[in-house]
Protein chains: 2
Amino acid sequence: MEKQYTMSKNQKIIFDLIDKSSEPMKAYSILFNVQKKGIKAPLQVYRALDKLVEIGKIHKIESRNAFIACQNSSCQISKATAFSICESCENVSEISNSKLSKYLSNFADESGMKYSKYNLEFFGLCKKCKSK
Amino acid sequence: MEKQYTMSKNQKIIFDLIDKSSEPMKAYSILFNVQKKGIKAPLQVYRALDKLVEIGKIHKIESRNAFIACQNSSCQISKATAFSICESCENVSEISNSKLSKYLSNFADESGMKYSKYNLEFFGLCKKCKSK
DNA sequence: TAACAGTATGTAATAATATAACATTTATAA
DNA sequence: TTATAAATGTTATATTATTACATACTGTTA
């Protein structure tokens, strides 16, 4: 059995908020939403976010400076992330495709670099927006 | 023959700076460096950067908020970018691997989403840093 | 050439995102 | 229990990016 990480108070508050959200959340929007729970300063939010990213409970969508909860129950793939982003409605969803992750995890080129992590963001139009 | 885009004065100044740089440059560092050429305000920099990204002369490294010149002479691949980033020395290089780009350009999953663009960032240790 | 459209520029102000520095408290484990 | 790591609280500030508005340049076409 693996040891289960126990989230701290602030981490839990912030994770729950992001997890409930149907869309990626930005740091200051998170701050606004948790002020009634006693989290008053940006740094408190950023510290929790950093930790949550580190343990794989959330991911940062780099192109949007926003955070979403990991969709994989096991959260083992925080080092191998892929997202699809609709450029019209800004809907973001995590891609879990084992072929893709296998392909990328094993990717190596002539650079001699050892990759320990990757992040992939696809952009396009989602089904809904495409048919408009 | 395709029509060749002609960069404007500010675009040229900023592109030349980024192109000469051995590492990704951040917007305010660019600003600092071009002030002697008469570009005084952040917005002037951001506007040029936006355009240069749009025409594929430079790419934004999303995880670093920094910009590098496109390494592909033709600059046709601004919609399909991949980078390797050393987490120790922060060296960044563009990956041009036709198998990879073919694989990703053709990637499709069950979401029904039509992807028109992607950005991939690999992280790890470069050869030099690995051997330290 | 005049009128127009599109693109680029200049400038000031401000919004949005993120971190530094320092003091204190809580949790974990030796 | 004592030490160590992790988390918290607070203030200030740094960094990244955009809004709003006025002006000028470039190329096209009537």
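Things to note:
- Pairwise centroid distance, computed over Cα atoms, of the range A:16-79 with the range A:98-132, Å: 22 Å
- Amide H to amide H, with H built 1.01 Å from N, residue B:82 comes under 5 Å of B:95, B:120, counting only residues 5 or more places away or on other chains.
- If R0 equals 25 Å, the separation of the Cβ atoms of residue B:117 and residue B:19 corresponds to a calculated FRET efficiency of about 0.65.
- Chain A: antiparallel DSSP beta bridges as a percent of all, rounded to 5: 55 percent
- Label point of residue A:128 set 7 angstrom out along Cα-Cβ; within the range A:1-41, amide nitrogens under 20 Å from it belong to A:18-26.
- All other residues whose Cβ lies under 15 angstrom from that of residue B:107 are scored, Lys and Arg at +1 and Asp and Glu at -1, for a net of +3.
- Simple point charges give the picture: +1 on the Cβ of Lys and Arg, -1 on the Cβ of Asp and Glu, and for the protein assembly as shown a dipole about the Cα centre of about 500 debye.
- Per-residue [θ]222 nm for the protein assembly as shown (sum of -39500 (n - 2.57) over DSSP H runs n ≥ 4, rounded to 500): -9500 deg cm²/dmol
- Inter-probe distance in nm under a simple model that places probes 7 Å from Cα toward Cβ, at residue A:47 and residue B:103: 4.1 nm
- Label separation (residue B:65 vs residue A:12): 3.3 nm, computed from points 7 Å beyond Cα along the C-beta direction.
- Selection among B:125, B:69, A:8 by position relative to the dipole of the protein assembly as shown gives A:8 as farthest towards the positive end (Cβ unit charges, Cα centre).
- Whether chain B is rounded, prolate or oblate, judged on the alpha carbon gyration tensor where a/c under 1.5 counts as rounded: oblate
- Taking a straight Cα-Cα cut-off under 20 Å and skipping sequence neighbours fewer than 8 places away in the same chain, the lysines within cross-link reach of residue A:130 are B:79, B:114, B:117.
- In summary, the lysines within cross-link reach of residue B:9, defined as a Cα separation below 21 angstrom excluding same-chain residues under 8 places away, comprise B:20, B:26, B:36, B:37, B:40, B:51, B:57, B:60.
- Cα gyration tensor, the range B:77-132 - rounded (a/c under 1.5), prolate or oblate: prolate
Laboratory data are not the source of any read-out in this text; all were calculated from the coordinates shown. Just so it is clear, the structure is predicted and the values come from calculations on it, not from any experiment. FYI the Cβ positions are ideal-geometry reconstructions off the backbone, even for glycines, and counts take in every protein chain you see.
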